[in-house]
Structures are given as structure tokens and as C-alpha cells.
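Quick notes on the structure that follows.
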Amino acid sequence: MKPAPFRYAAAQSLEHALALKAEAGEEARFLAGGQSLIPAMNFRLAQPAMLIDLNPLDDLDYITVDNGALRIGARTRYSRVEHCAEVARWQPLLAEVLPNIAHPQIRNRGTLCGNLSNADPASELPAVMLAAGARMHAHSAGGDRWIAAADFFINLFETALQPDEMLVEIELPALPARSGTCFIEVARRPGDYAMAGVAASLTLDANGRCGSASIALCNAGPTPMAAAAAAQLLIGGVLDAEAIAAAAAQAQEEVEPNGNVHCTADYQRHLAGVLTRRALTSAAARARQGTSA
Amino acid sequence: MNPIIGQALDRADGPAKVTGAAQYAGDFTASGMAYAVLVQSTVAKGMITGVVQEAAQRAPGVLHIMTHLNAPRLPQGGKAAFEPPAGRMLSLLQDGVIDYNGQPIAVVVADTFQHALAGAAQLRFSYEQQPAALDFTAAKRSAYAPKKAGKEDADVAWGDAGAGMGRATERIDHVYATPMQTHNAMEPHATLAVWQGDQLTIYDSTQGIAGARKTMAKTLGLDPSQVRVISPFVGGGFGSKGSVWSHVVLAAMAARTLRRPVKLALARTQMFGPVGGRPRTEQHVALGAGGDARLTAVRHDVVSHTSVMEDFVEPSATQTRMLYATDNAATTHRLVKLNVGVPTFQRAPGEATGTFALESAMDELSYALNIDPIELRLRNYAEKEPHEGKPFSSKSLRECYRIGAERFGWSRRPRQAGTLREGNELVGWGMATATYPANRMPASASAKILADGTAVVRSATQDIGTGTYTVMAQVAAEALGLPMERVRFELGDSSMPDAPVSGGSMTVASVSPAVQAACLDARAKLIEAAIAPGAPLAGATRDDVTTGDGWLALRSDPSRRVSFARAVGGRGAIEGKGEAKPGKEREQFSMHSFGAVFVEARVDRDLGRIRIPRVLGVYGVGRRLNAKTARSQLIGGIVWGIGMALMEETSLDPASGRVVNASLADYHVPVNADIGDIEVVFVDEDDPHVNPLGAKGIGEIGITGVGAAVANAAFHATRKRVRDLPLTLDKFLV
């Protein structure tokens, strides 16, 4: 199919893009990689009246590192992040997840901020933002605000962004010393949406006990699902097989999978448990070795 | 000189395909061509009560909207060519009856494809809906016996299966199920219909141009001489292009009404319903064996679905009638009617699904008897066809088992299941027998030796991606005595000499003898011309003349020779004709290809995920006319089998009857990353009975046995027996 008619505007600057958006409101959509938006338009699942093309905005294509904290711009494509040594060094969880997202051709075009603005709970990246404790930088003609990842994903394909706002940047905090992360998923085919996936991040305290923990799952509910109670079980304890098994069992209780044509909700729930156990086991080993990933 | 037949030559059509020069049906154009889009019903059963078409009619570029209200009336209500199993019941807009969700109910024609699509999107139908039969299990209560199961009777029995079962000391008695599947050839069906007066030319993607001509003529009330079908390249058929489906006739109807050429290409989603698919099967297999592990009785009762429109039988029990020696057997086929599209032949119809059931059951029996699965098969080896007692024309199955076991390292396989493990993966080895009948039908060909010393050989056959262009050129070159590069083989035009459908793995077996005969006829005429008085080899006897590498030479004096070009001389061309058809060999022999397939499965203990790192297939398929294309056919067949075992399933919404995974994103087939090592080994066979070239079919045997071998390997790994395909992850969680 071809999309329904729409107007097209190539943004000349960030301010220009925001002005156009403020004017058109919800009827307009920002176009970055277009990896989800264009197919949705071709199927006529999305019929925006206007596309505001961010691709001319080269100044939004960046990765900066400040004391280990990463900032990634709205026009930065997956493949740049995937192959960035600084990302692998400071935020290995992000480096680890990227090869799981679709195929190289798609990663050459798609952007992280575009993905996150789309807020597809089946996508890996929103869960990674939760696990990494990322912040989202929303920008509009009216000003700036930072939104914690935990507050950003409201519902299926719904974010905290206002109609006049753009997600211009994401910030991932520096991973502390003695930390380990892991992302793991199971898909029927490589490159497909996962039946379920888990992102985990663990930091040991000076005594080798679990100082902080975060666990988030994709395709496990209407939003990326943080398994907060499971993570809480780990804190203060020794990260042994028993503790990890208990956390995995708890994570299984925290997800709300729906099932789909490729797998049942029961299987997704089962996966949530197995993958949480595997991800925590890897992350804990990496934290102990001080290798992060 | 080395024989040309048998060489591992590259495909003759390879460069045309990779450069895009090969013209597929959808690539053809005609002056003034319009574009048609097929519109499908959105309910599974009922009547069309209204059509709202004003908006569609006014849409830009729309030229014509054809519905049951205005479609031209056809002879016998459009059913004139209905002749099962290949002549299908079509939906040709002759009435407003809806039999399934997705049934063609209109054609919208416009000046561009986009306009046709946009117009079609604005067409609205209202229906009087009726309760549809969509539940296989519920429909089983009214299962009935079909007239035939493929070419055989629906029910075949010998001995006394009940008594044999009573004597057994071990029994296996289970139901095995295979799901609805969809062919999904890479090239979707496409048709261009061009009328010149009362002459119709169809550019179609078809496995059978002769059949398509006949069907089109009958359906439209024409003489076959008024119809020409052209199909030089086919991007895969897998059985779904073995019949003429509704869209082909509808394109011709629209073109006649509009008096301009009409192209109609199906979208990928439209291939799930109106162009066939494999029906669901539920197969009850019971095996009984004595202490000596010999089968005392075999039962195989098959229930498969068909459409309410027509009976199509997936003949899953047919191989059970010939594969193992037993004195007592009973096999039946039953049908249940559902409100779905008409199912059809798909990738070894019968054997692909039937061997899953039978060979899984044999595996289960081997565990029950605690003997090796190969040993069980050898104990029950059929030295002759077990029912009628006919000898096999050739059979190397024992060799296949032996070579396969050796190469796979079978002797290192622990008898007990669930004992091999590497890390988180459970490892298992399984095997199964493969088999497919050696089919053949009459065919004809022509061969023309031209004055430039080249030859053009023609037959109205098809190359559905299998290598017909290449293999037939090899047969022709060798028969004529020309090098390969001076022979051009042409196919895909119904004005050429008749050939059968490319189905049933029989193109090579049927067409190559005709090609050979035509070339030998042309060669004989060329020799006559060369030895005629005044000709270069005047005075020689015809038996003294040999041909090779483009020359005619005398055996008695090789220095006397003349080129093909000179021998043709002023005649311009010398033409030969050839016909070949099966004789009485089928009455004397049972003719089949056999093989043994070995699989290693690795199952993630926690996730249930199966990987197949290694498959070995050993086959006896008669003589291979091209070692490369033959091997490729078998590898492709094994990949089909892996797809069938692990992925393929067409899911029907039980409420609406709509296919819910009608796309390649949701209907999974294996991609390169899913496939590990596949090794194919052939056992040389010299079978003088099947046909003059000694070639048995290789197109479909590759898929047979694979489903069971995978399931058997997965059981060996996990001790979990899964009896319904596909083997998805959830089925391996306890």
C-alpha cells in the first residue's frame, strides 16, 4: 500500500522543526529513520497530516561522553552507537542490545530517539532505558525538561511527550565501578521482535554484596516492564544462584504478557523467568570480574 | 569424449536471473495494458447482498469494476473445466455465494496499479452472513470418505490388521498432526491477459502451461487453439502453480470486457487462500510388532480438511502402503469440509505429512522394542512392494541406511534418549526414511539443427527454478553430438510440443526422453543428408556415421568428417520430432525413489528452542542428469523439511476464518541463519525401467522424512515426544 496523503517539511533547524510541530500539533509527526513510522503509514495504521523531517539536522547526530555519562542526539542512528567504542566502554548494556534490534540495514537508518518516541513495548530499547536509568530530554518552543525513563513510557505507543515536544536527546548515567550488565532475548528469528527480552544491570558494594539492581523486560506488557520487586529482592544480598532464582521467579510475577501469533502468554512468562535468571547470572559474573560486560 | 549428461553444470539461465534479464509473468507488458486488483470477501460464509461501488467508480483512473452483478456469464457457471484434482473449483463471480474468507468477489481495473488499488479500497460489500465451518475438531464428526486419495483408492487394506495387532507384543498407537501450510513461492502469482480478436494470450506464472491452456479454453468456452500460454520463468511454485486459479480467468474476463490487456498480480497476503495451501492432517497410526521386531500390523488413518467447494485429499497414507514389509495393513483417508480456500498439492503432498506420522511412529516403536531405529527398519525392509507383491524397479534404501549411518557417525549414538548434553543444550540424533514415487507422463519435443551448426530444442515444459533449461540442454547436446554452448533449449510456450505439468517430481523423467527422441530423430535426418549422393559423406552407411562436438565423422575413417553447419547446408534447418510416454512398466514394477535422512537437534533445556546444526540425506534417485542441480534440489527439499518441522503454520482465526499470519513476517520459513550443515549423498542406481534416461524424480523426496527425523532427534535429545507440527518452543517445556 501507499500512505494516505500528507504534507512534508524538511526541518532547517531544531527551532524550525519545533515551530512546525507547535503549529501542527498532534497531526504532525517527526520523521527520523522512519523504520516504524513509514511502514505504519503504508499500512495506513498511521495517517499523519504532516511529516517534519529531521534528517537534515546533522547537529542532532552526536554521542558525547562526560565522566562516563552518555548523551545521544535525536538524529544519531543505531549503527553509529553500535560501533562506538565509548558506548561499549561506558554503557555496555546499550552496546549489547543494539545487534538485537532488527537488521543492519535498519540500524543504518533508524535512530534511538525515534525508537523511544514510538514507545513500542516489544522493542528492546525502552527496556534498556529503564534498566540503565536513562533520562529523556524533551524540548519544545516553550523550553526544556528531563523525564526519567520510568516516567516516560505511559502505555502502548504512548509517551509523556506533549504534542509540541520532541525527544532531542537521551542521557545514560555512567555505570559505576563493580557493575555488570546483560541483555538477552529470544526471538523466533534473528532480527524479529523478541518473544521476550531482559535487560539487567547490577552494581556490587564494597563488600561484594548487591548494591543496586535493575531489571526490565521487553514484550512483556503494555510498556517496557521494570521488575522492581525482583530487583529489590537482590539488594543487600549475595548474588548467588539461589538469590538470582528467587529474583527470576519474582520477575515472572511482575510481567503482563499478552501472547501473540508466535507464542502464548504462558510461554512469554516462562521466558521472562528463564531470561531474567540468565541475564542476572551473566551480569553478576561480569560485575565480579569488573569487566562490566 | 566425456558424457555431457551427469556433469555438474551451472544453470543455463543463471546469468539471466541474476542480472534481472529473465522475464517473469509480472514483468511482461502489452500496449494499452490496464492493471487489475483482486478484491476478496471479508466473511467466511454467506451471500453478497449489496455492492456499493459509486465511490470506487469515481476514483481516479478506474476503468472497470467486475462483480457477480456484471461479470460475463461463463459456460456451465464457470465450472466447465472442473476436473479434480488439478482442475479446480474457481470463484469466477458467477453468483453471490461466499464459501470462505478471502474468496475473490470483485476485480477493479484501472490505468495504473496504484489507481486500481485505491479504487479497490473504496469498494464496499454487504453480506448476509451464515455460520461457517471453521473448527476442524468439530467438523471431524461429519468426516466422509473421498472418492480417491491422489491416484489411489481412499482405503487400501490387505491381510487382517486387527488380528495382526492382536498378535503384537509391542504396540504404538498415536495421533500425529500437521497444520495448514501455505506455499509462499518467492514470486507471487501474476497474469497478463491479452486478447487479439478471439485469440487469447496469457502470460502466467504456472507449473503447467498445457493444462492452463486447456483449463482457460474450457472455462471461457474457447477452442484450445484459441489460447496460448507463455511462462518462460517461474519463481517457485511448490504445487500452488500447478492449477489455474480464479485470478487467471478473471484477468482474461476483464481484458475481454475492456478490450485491452489486463495484468493481475496477487499481493503476498492474497496467496493465503485463493491459490491453495496444504490442508491440516490428523493421522492415527498404529503399529504392532512381535518380539523379532517385525511388523505384525500397520494402521494409518488420515483425516484432512478440504474446502466446502471441492474435495482435495492430502494422501498421507500412500507411502504406508509400500514402505515396510507387513502381511496386515489397513489405510484410510477421510475428509472434513471447512469454509476455507481449496487446498492443493504442496511439496510432496501425502509423503511430506505421511512420513512425519509413519516415521515418528517407527521411532517410537524402536524405543518400545529397545532396538536401533535403523535396525528396526532393516528388519522390516520391503524387498518387494508389500501389497501387490510387485518388484521395485530399483531400490537402494539398504545402501542409503548403511552409508548414512557411517557418515553420520550413528554408531556413536547412545540408544537411550536424553543422555547427550552440552552446556544448556540437550543433543539428539534422529533419522527417518524418505520416499517419493517415480512418476512419468507423456511428453513431446522438437529439435531443429540450424545452418550455423547450432540447435534449438523445444518443449512446452516449465522451469520452476529446478534446472529444466540446463538439464534438457545437456540431454539434447549429448543426443545430437553438439557442445552445450551450441544448444538452446526453449520452454514455457504452449505453442511448443506438449509436455506435462511440472509437478509430482516428473519433469525430467517425462520430458528428457522426448527431448532425446527428438534430437535422435534430427540427428538421423542430418546423417541421411550427409551421406546422400553428392553430400560430403556420400557413400557411407548411416551406421558408420558418428556425431560429437559438432561434427559428423565416419567410424571407419575418422578423417572423413563434416561439420553440422555444412551438413545442414542449403536446407536451412533440419528438424526432428520426439514423443515419449510410459509403457507397461508400471504394471510390472513398483517405482520409487528412496532415501534416509539423519538429523542432529539441539534443544535449549530452558527455552525449548531447537536448532538443527546438521542434516545428512542419502538418496537413491536413479541417474542424475546434472550432479549440481540434483544436489541443489535435495538441499532445497531438506530446507523445506526443516521449515515444515520447526516453523510453518497457517493460523486461521476461528471466528472469522481469516488467516491471521498472512505475510512473510508472520508466516515463518527458514532463512540462511536457520540452516546449518546439509550434506547430500547419492547412491548410484541404474534403473532401466523407469524411463530411457533412468532418472527418478528428485524434486520432492528431499522434504520427506525430514519432519520425523527432526522430531525423532528432538525426542532423543529431550525425551519429549511431540506429535504435532511445527515443533515450536513451548511444546518442549515440561
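The values are calculated or read from the model by the stated rules, or taken from the named source; none is laboratory data. Treat the numbers as computed from the prediction; the structure is a model and nothing was measured. Cβ sites come from the backbone with ideal geometry, for glycine too, and all protein chains shown count toward neighbours.
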field: Spans of strands (runs of 3 or more DSSP E) in segment A:1-76 with at least 3 residues more than 17 Å from A:Asn108 (Cα to Cα) and touching a Pro at 6+ places or on another chain (Cβ under 7 Å)
entry: none
- request: Collect the residues in segment B:547-572 that are closer than 10 Å to B:Leu526 by Cβ and either within 40 Å of the chain's Cα centre (by Cα) or among the hydroxyl-bearing types (Ser, Thr, Tyr) (or both), keeping them in residue-number order.
  value: B:Thr547, B:Phe564
- request: Would you check which residues across segment B:114-127 are touching a strand residue (DSSP E or B) at 6+ places or on another chain (Cβ under 7 Å) and buried (at least 16 other Cβ atoms within 10 Å of the Cβ) and list them?
  value: B:His115, B:Ala116, B:Leu117, B:Gly119, B:Ala120, B:Leu123, B:Phe125, B:Tyr127
field: Residue under evaluation A:Gly34, criteria (1) in contact with a Lys or Arg (Cβ under 9 Å, 6 or more places away or on another chain); (2) assigned by TED's automatic domain parsing to the domain that holds A:Arg135; (3) within 16 Å of A:Leu112 (Cα to Cα); (4) surrounded by fewer than 21 Cβ atoms within 10 Å (Cβ to Cβ), criterion not met
entry: (2)
message: closer than 22 Å to B:Cys400 by Cα, surrounded by fewer than 24 Cβ atoms within 10 Å (Cβ to Cβ), of a type outside the set (S, T, N, Q) and away from every other protein chain (no Cβ under 14 Å): is that true of B:Gly694 in this structure?
response: yes
- prompt: Which numbered condition trips up B:Asp301, out of (1) in a strand (DSSP E or B); (2) touching a helix residue (DSSP H, G or I) at 6+ places or on another chain (Cβ under 8 Å)?
  reply: (2)
message: Among the residues of segment A:282-293, are any assigned to a helix (DSSP H, G or I), within 14 Å of chain B (Cβ to nearest Cβ), out of contact with any strand residue (DSSP E or B) (no Cβ under 8 Å at 6 or more places or on another chain) and of a type in the set (Gly, Ala, Ser)?
response: no
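Okay, residues lined up against (1) touching a Leu at 6+ places or on another chain (Cβ under 9 Å); (2) polar (S, T, N, Q):
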| position | (1), (2) |
| --- | --- |
| B:Lys337 | no, no |
| B:Arg347 | no, no |
| B:Ala352 | no, no |
| B:Ser360 | no, yes |
| B:Glu364 | yes, no |
field: Test: B:Arg280 is over 30 Å from B:Gly102 (Cβ atoms) and in contact (Cβ under 8 Å) with a residue 24 or more places away in the chain
entry: no
Residue in segment B:195-214 that is surrounded by fewer than 24 Cβ atoms within 10 Å (Cβ to Cβ), farther than 24 Å from B:Glu490 by Cβ and touching a Pro at 6+ places or on another chain (Cβ under 8 Å) present: yes
statement: Among residues of segment A:251-271 being within 11 Å of another protein chain (Cβ to nearest Cβ) and outside any helix (DSSP H, G or I), the residue surrounded by the fewest Cβ atoms within 10 Å (Cβ to Cβ) is A:Val261
- request: Collect the residues in segment B:409-437 that are polar (S, T, N, Q) and surrounded by 18 or more Cβ atoms within 10 Å (Cβ to Cβ), keeping them in residue-number order.
  value: B:Thr433, B:Thr435
message: I'd like the full set of residues that are hydrophobic (A, V, I, L, M, F, W, C) and within 14 Å of chain B (Cβ to nearest Cβ), limited to segment A:186-209.
response: A:Val186, A:Ala187, A:Ala194, A:Met195, A:Ala196, A:Val198
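Residues checked against (1) without any contact (Cβ under 8 Å) to a residue 24 or more places away in the chain; (2) among the β-branched types (Val, Ile, Thr):
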| residue | (1), (2) |
| --- | --- |
| A:Glu171 | no, no |
| A:Val186 | no, yes |
| A:Ala194 | no, no |
| A:Thr203 | no, yes |
| A:Cys218 | no, no |
| A:Asp240 | yes, no |
| A:Ala248 | no, no |
| A:Glu256 | no, no |
| A:Cys263 | no, no |
task: Return yes or no: is B:Ser231 within 17 Å of B:Gln103 (Cα to Cα) and buried (at least 20 other Cβ atoms within 10 Å of the Cβ)?
output: no
- request: Considering only segment A:58-69, state which residues are out of contact with any helix residue (DSSP H, G or I) (no Cβ under 6 Å at 6 or more places or on another chain) and at negative phi.
  value: A:Asp58, A:Asp59, A:Leu60, A:Asp61, A:Tyr62, A:Ile63, A:Thr64, A:Asp66, A:Ala69
- request: Identify the single condition in (1) over 22 Å from A:Ser36 (Cα atoms); (2) in contact with an Asp or Glu (Cβ under 8 Å, 6 or more places away or on another chain); (3) within 14 Å of chain B (Cβ to nearest Cβ) that A:Thr181 does not satisfy, given that it satisfies every other one.
  value: (3)
field: Candidate set from segment B:304-333 (those that are among the charged types (D, E, K, R) and touching a helix residue (DSSP H, G or I) at 6+ places or on another chain (Cβ under 8 Å)); member that is surrounded by the fewest Cβ atoms within 10 Å (Cβ to Cβ)
entry: B:Asp327
- prompt: So which of B:Ile642, B:Ile574, B:Ile638 ends up being outside any loop (DSSP other than H, G, I, E, B), assigned by TED's automatic domain parsing to the domain that holds B:Thr507 and buried (at least 20 other Cβ atoms within 10 Å of the Cβ)?
  reply: B:Ile574
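Here's the yes/no breakdown for (1) buried (at least 19 other Cβ atoms within 10 Å of the Cβ); (2) acidic (Asp, Glu):
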residue: B:Asp160; (1), (2): no, yes
residue: B:Arg167; (1), (2): no, no
residue: B:His174; (1), (2): no, no
residue: B:Gln181; (1), (2): yes, no
residue: B:Asn184; (1), (2): yes, no
residue: B:Val227; (1), (2): yes, no
query: Just one of B:Glu700, B:Glu679, B:Glu685 is more than 27 Å from B:Glu585 (Cβ to Cβ) and away from chain A (no Cβ under 14 Å); which is it?
result: B:Glu679
